[in-house]
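The values are calculated or read from the model by the stated rules, or taken from the named source; none is laboratory data. Since the model is a prediction, treat every value here as computed from it, not as a measurement. So basically every Cβ, Gly included, is an ideal-geometry build from the backbone, and we count neighbours across all protein chains shown. When the accessible area is computed, the model is the full protein with side chains, heavy atoms only, and any ligands, DNA or RNA have been set aside. Shrake-Rupley method; radii C 1.70, N 1.55, O 1.52, S 1.80 Å.
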Amino acid sequence: MAEDGLNPHRRDPIKSSGGSVAAHRRRQNAVAVGKERRESLVRAKRLCRVGPSCDDSDICIENDMIIDEEQSILEAQTLSAVEELKSAVSFQGKGAMQKLVGALREMRRLLSKSEFPPVEAAIKAGAIPLLVQCLSFGSPDEQLLEAAWCLTNIAAGKPEETKALLPALPLLIAHLGEKSSVPVAEQCAWALGNVAGEGEELRSVLLCQGALPPLARMMLPNKGSTVRTAAWALSNLIKVLNVITMNNLCMCLSLLAYDAIEKLETCIPSTIRVIGAYCTYSTLVIKAPVDLGPDHKAATELIKVDGVLDAILRHLRKADEELATEVAWVVVYLSALSNVATSMLVKSDALQLLVHRLASSNSLQLLIPVLRSLGNVIAGDSHTIVAVLLPGCEITDNVIEVLVKCLKSEHRVLKKEAAWVLSNIAAGSIEHKQLIYSSEAAPLLLRLLSTAPFDIRKEVAYVLGNLCVAPTEGDGKPNLISEHLVSLVGRGCLPGFIDLVRSADTEAARLGLQFMELVLRGMPNGEGPKLVEREDGIDAMERFQFHENEDLRNLANALVDRYFGEDYGLDE
């Protein structure tokens, strides 16, 4: 377990036995990156076409994007530009600086004007050592900015092209310091964000070379594109992107398949970030296929940098939606990967600020990370539900209201995330269960259970199931909340759970069987078996008679034998 290891004892409400894996799933799902966006955005990188924002005292770079040219012509021009840069670097005569800056500007133009820049041609021609040389300290800002811009777009290339920037990383990090001009520091942060977006190996290199503290300090100002760029780079730096190999791909499919659909349908512009740290519930026993869990240390280190927490809160409170979106993604990873960060966020005003943003914004780009952050905080720290989300308090009522808003949204990802957050609240005290049960969320959840896509229905089922059981100690059968169970079954939820039993998803099937056990055991006057039989529940359970999953097979067979054995129906 990590030093500030995540709480493994969350959400154990409706099962009869089994371990708790909420923390592992919360960390493990931070890995799910490749499926988060369309193919054109699969790498968390950004091509720089327009330079950093600037004022009168800074260097202002014009937008000189040109229409795409034939790739062969572009590559030939790139080779020529690299040769010109070599000549300019070695030139010592009059006008040497203007010659060098001109050569860098031409290289930058070629690397910026195509959707698929000629990065490979530039690298093969020897551009990177020249660009590294141009980053030397004491060089004019214009030279530094052009060189860093070229490296930014090279870093946005293919994995092997990004790795070619290793010699440049120390200088890019060094130029993040206070002695650098704001545009130069921002452009270097952009380049490092692209490098961090490539994967775990390069991210580890950046962390070892000390990239995190200076990037964190760039978040401290009140506003500006520099803060946005720094926040984006930091979210790339502390997240996790493991490459799932063919050897473990099949083992991971059950964790990824149902998230992929709505992530692909969630079309967000270039500000999109990984919808990381997706947490499900410890109601199930999940055997981790591989150790995909991230190292929490980077997230913990970030939240401990002086002024970072205050800056995060300030940006969430006052910033425009674009900056707030970038900062919210930082909060997503902090709350997913570090208990230290989660605890600090809970003790601050973060919860109230997240709720306010959810209530006041209609921007999907902002709502997704804010909702995910809220869910991570609630799922990751049991103190939050017990001590902060007190029934009858304004913050608790506001949380339920914004979650209802998300359930009503047309965006499926918001519905799914809202159901996930509600299920964690529903796994709390009886008072929390009653709060959800008596709110507008209950009828919305019942409707979604029968009409929503499968992945949303599964999340909704967790909420409804958790509303029907009281907290228990140990691994025994949970105590029923009969009022909730009878009401929800009477309002038609049983067929939805039986549909989950029939699904190919073992997690959903287990959840459906667990709810059927509640119905069979808990409905008054022995009505449970009749209700299950009426909805063809016996047939759904019998499909597990010879199922390969031993837990599901034993659970289903035990229910059939106990409630539909030889004596079933004799009383009639």
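Just a few scattered comments:
- Of all residues in region 218-243 being farther than 21 Å from Ser335 by Cβ and open to solvent by 50 Å² or more (accessible area, probe 1.4 Å), the one that is modelled with the highest pLDDT: Pro221
- Number of the exception - Gly197 against (1) open to solvent by less than 10 Å² (accessible area, probe 1.4 Å); (2) of a type outside the set (A, V, I, L, M, F, W, C); (3) modelled with pLDDT of 95 or more: (3)
- Of the helices (runs of 4 or more DSSP H) lying entirely inside region 64-161, those carrying at least 3 residues that are buried (at least 18 other Cβ atoms within 10 Å of the Cβ) and touching a residue at least 60 places away in the same chain (Cβ under 8 Å) are 141-155.
- Qualifying residue in region 201-211 (condition: closer than 29 Å to Arg317 by Cβ, of a type in the set (Ser, Thr, Tyr), out of contact with any Cys (no Cβ under 9 Å at 6 or more places or on another chain) and modelled with pLDDT under 95): no
- Helices (runs of 4 or more DSSP H) contained in region 391-455 and holding at least 2 residues touching a Pro at 6+ places or on another chain (Cβ under 7 Å): 430-437
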